[in-house]
Amino acid sequence: MISYFSRFPFVRILLGWMIGILFSGGIYWPLLALPCLFFPSRLFRSIGISALLIVFAMAWASYVKPIIRPLPSDGFVFRVEGAVESKPKTWSVLARCLGTRSGGSWLVRPALFRLYLSKQIGRPQEGNLYVVKQSIKPFAAPLFPFEKNWRDYYAAKGIGGTAYISADRIRLVEKGVESIAFFENARAFFVKILERAFEPGRDRDVAEAMLLGVKTKIDFDTLSTYSALGAIHILSVSGLHVGLLYLGLNLVFGFLLKLRPAGPWVFFGLMLALLWCYAGISGFSLPVLRSAWMFSVILFAKTFLRRQESLNTLAFSAFVLLFIHPASLFDPGFQLSYLAVWGLIAFQQRWVKLISFRGWMRWPLTKIWELTCVALAAQVFTWPLIVYYFHQLPHPLSFLFLNPFLILFSSIALFLGFVTLSVGAFLPEWAFQLLAFLLSGSFRLLHGMMFAWVERVTSVIPFLHLTRLELILYFAGIAIVVWAPRQWKGLAFLWVIFVLIPTDPVRPGAYLSQYKGEAIWVTSRGSSSIASLPASLEPAWIQSHLSPLWAITGVKDMLTLRWPEKGNVQWRHEGMKFAYVREPAEARGQQHLILGKEVKFRDLGWLKSWSGATWYFLKKPSPYWMGVLKPYLPDKYYFLEERPALRL
């Protein structure tokens, strides 16, 4: 192991650092291995150094871990930090709280909040100082079992709460310095170029997202199609986009490397400036920051180091990011980005050499095989995480036969898009229209192929599940298959196959919850589930809240029903009678009463017949009406908007 890692010192450093982050906040058990530093054996000294690194990582991660302070209840002052994101009806800003109001006095209490400001307010700028007369709410806890815990996710980033701020609750105190006006103006300039090149519609919306990071205009159907085909990474500016830009710039300015001694420095400075300008224009999002940093390290290694190891360079870039922000280790985007690149480094070239073509079709077949290897290699380490986090995978037919063409055509579209953004403003109208025709045609071809495939082939396998233990065992098995001595590879391969054998999950009962004052009833029997939902419920909500539950509990067949717009509904479950009441009605032996938001409590006589039932309020009445209802309340009653879904 020592001889292998001697070629990749930062791989060993990165592994120790990640172990320290994972165990931060606990007992410093690696201290037990520190005496190994004083042994003459090289192996023991290596163990001691690794233990010291793990201890330092544990201490550092605990030191920089954000502290979530009590949320303001009366008012607060904040300064806008970072880029402002435009949503359909709001401005999304990261707010650096400077002080809070409590009991009539102001307290200095630093904190971070995610705020959504009404668009009646002018577009905020980074550095703007505002005073707000409103409370901050914590992020909602998971509604159903197994769904993502956004409260913990944002807490790891140091963001303690959120709020929607209307125009009458906020006042601008001080305007910030327009430090990022250049990037905002540049993005607006490039958006106008794309508006000249495209007709309004899906192609233009996707082009703005792919090239400039403007994602607010894309409809749910388009997002679902990209997600189902495993191509959602194409929509957001990330490694693919920055990598293609890097290759294009390298092709244009590569001649500078031969002009020594100053040429390499000019090449490095010019490439670095253009990469980070593109990161700024696309909004400095986390994926593009990761990618820009990764390619900056690769650029330095390519320019100034005679001998470089791609895996060592990748490990160094990941180590620096985890040193600055240890919590990134738990970010799915960080994990998927680096594991995809690791897969490309480890497998792509090996697999390309397995098959060679001859004859007049050699060149196209070789390129298709190379793209297929790119798609396969990137998925070796990422598909288990996609299942673990998102509980679905692209269908094998889509993955094997469509993905190489998606990579090819999306790369062509990106290349033409970068060319259009670079020279479009300087071309005569006839030349611009020719380039615009090619660009819009590439997007029409890409989307025509994607949507035609989705209409004819089942594009996604839903409701998949991997446990954390299965995830660890899979990665351990793959590592042994690739790097262990030959006699262990067969055993490791069987190990990986064993991990992938599905297990029998725990079956759920029934769950009762609410959405905007309307009932949600989900029941499962065997591998089938029926969900009765409000008519206004969007597919994105179902995917976010219910899909993890169905995946982990082994559901394969799912039927969604919609409540009628008016009237009461009754049903039975496990011998119990339920009534969803939106109009006053006498009890007829039901044990469970679900009170809709439409119920008026002016005439309360009918509630006497429900005294023996359990009540579920979909919308909590005001304190006044709770006082009026007190004589009628049963022993058990619940306010569903204040708690996770009830299992019945």
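The values are calculated or read from the model by the stated rules, or taken from the named source; none is laboratory data. All of these numbers come straight from a predicted model, not from anything done at the bench. Here Cβ is always computed from backbone atoms with ideal geometry, including for glycine, and neighbour counts include all displayed protein chains. The protein model used for the area step is the full one, side chains on, heavy atoms only, and it has no ligands, DNA or RNA in it. Shrake-Rupley method; radii C 1.70, N 1.55, O 1.52, S 1.80 Å.
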Taking the Cα centre of the chain as the origin, how large is its charge dipole in debye, to the nearest 20, when only Lys and Arg (+1) and Asp and Glu (-1) carry charge on their Cβ atoms?
900
Beyond 26 Å (Cα-Cα) in this structure, taken from 148/516; 217/597; 148/630; 148/175; 577/597, we find 217/597; 148/630; 148/175
Amide proton proximity set for residue 111, modelled H, under 5 Å, gap of 5+:
97
Please label the shape of the stretch 174-321 as rounded, prolate or oblate, based on the square roots a ≥ b ≥ c of the eigenvalues of the alpha-carbon gyration tensor (a/c under 1.5 means rounded; beyond that, a/b larger than b/c means prolate, else oblate).
prolate
Expected sort for 424-431, 147-154 on mean C-beta neighbours within 10 Å, highest first, is 147-154, 424-431
Rounded to whole angstrom, the alpha-carbon centroid of the stretch 142-165 lies from that of the stretch 9-87 at a distance of 22
Could you work out how far helix 332-343 tilts from the main Cα principal axis of the chain, as a 0 to 90 degree angle to the nearest 10?
30
Prolate/oblate/rounded label for the stretch 591-648 (Cα gyration tensor, a/c 1.5)
oblate
What does the C-alpha gyration tensor say about the overall shape of the stretch 44-115? Classify as rounded when a/c is under 1.5, otherwise prolate if a/b is larger than b/c, or oblate.
oblate
Roughly to the nearest percent, how much of the accessible area of the stretch 247-353 is carbon and sulfur, given a 1.4 Å probe?
72
So, counting K/R as plus one and D/E as minus one, what does the shell of residues with Cβ under 15 Å around residue 138 add up to?
+3
For the stretch 506-558 and the stretch 630-646, what is the separation of their Cα centres, given in Å?
21
Using +1 at the Cβ of each Lys and Arg and -1 at the Cβ of each Asp and Glu in the stretch 102-177, identify which of 108, 173, 145 lies farthest towards the dipole's positive end.
173
Convert each backbone phi in the stretch 447-456 into a coupling constant with the Karplus relation 6.51 cos²θ - 1.76 cosθ + 1.60 (shift: θ = phi - 60°), then list the ³J(HN,Hα) values in order as whole Hz, x for Gly and Pro.
6, x, 5, 5, 6, 5, 5, 4, 5, 10
State the label only: which of (1) 247; (2) 228; (3) 210 corresponds to volume of the Cα convex hull per residue in Å³ computed from the shown model?
(2)
Theoretical gain in end-to-end length, residue 457 to residue 330 [0.36 nm per residue, Cα-Cα removed]:
42.3 nm
Taking the Cβ of residue 114 as the center, what net charge do the other residues with Cβ under 12 Å away carry, scoring Lys and Arg +1 and Asp and Glu -1?
+3
Taking Cα atoms, the helix 239-253 axis meets the longest principal axis of the chain at an angle in degrees (rounded to 10) of 30
Where in the stretch 529-562 does the label zone of residue 638 land, with the point 7 angstrom along Cα→C-beta and an amide N cut-off under 18 Å?
530-534, 545-546, 549-550
Give me, ordered by chain and number, the residues 5 or more places off residue 214 or on other chains with an amide H under 5 Å from its own placed amide H.
209
Counting only heavy atoms of protein chains, what accessible area per residue, in Å², does the chain have with a probe of 1.4 Å?
53
Which trypsin sites (Lys or Arg not before Pro) does the stretch 209-299 hold that lie in a coil by DSSP with at most 16 other beta carbons within 10 Å?
217
Relative packing of peptides 237-249, 26-38, 528-540, 185-197 - highest average C-beta neighbours within 10 Å first
237-249, 185-197, 528-540, 26-38
Counting each DSSP H run of 4 or more residues in the chain as -39500 (n - 2.57), what helix-only mean residue ellipticity at 222 nm follows after dividing by all residues, to the nearest 500 deg cm²/dmol?
-14500 deg cm²/dmol
With a Förster radius of 45 Å, plug the Cβ-Cβ distance of residue 73 and residue 574 into 1/(1 + (r/R0)^6) and report the FRET value to the nearest 0.05.
0.60
Of all DSSP beta bridges located in the chain, what percent are antiparallel, nearest 5?
70
The farthest towards the positive end of the charge dipole of the chain, of the residues 552, 462, 8, given +1 on Cβ of Lys and Arg and -1 on Cβ of Asp and Glu, is 8
Which ³J(HN,Hα) values, rounded to whole Hz and listed in residue order, are derived for the stretch 19-28 from phi using the Karplus coefficients 6.51, -1.76 and 1.60 in 6.51 cos²θ - 1.76 cosθ + 1.60 with θ = phi - 60°, glycine and proline given as x?
4, x, 5, 4, 9, 5, x, x, 6, 7
Pull up all non-local amide H partners of residue 464: gap of 5 or more, or a different chain, and H-to-H distance under 5 Å with H placed in the peptide plane.
392
What's log10 of I(q)/I(0) for the stretch 1-149 at q = 0.11, 0.13, 0.19 Å⁻¹, Debye sum over Cα points only, no solvent?
-0.69, -0.79, -1.09
How far is the Cα center of the stretch 188-216 from the Cα center of the stretch 307-367, in Å?
29
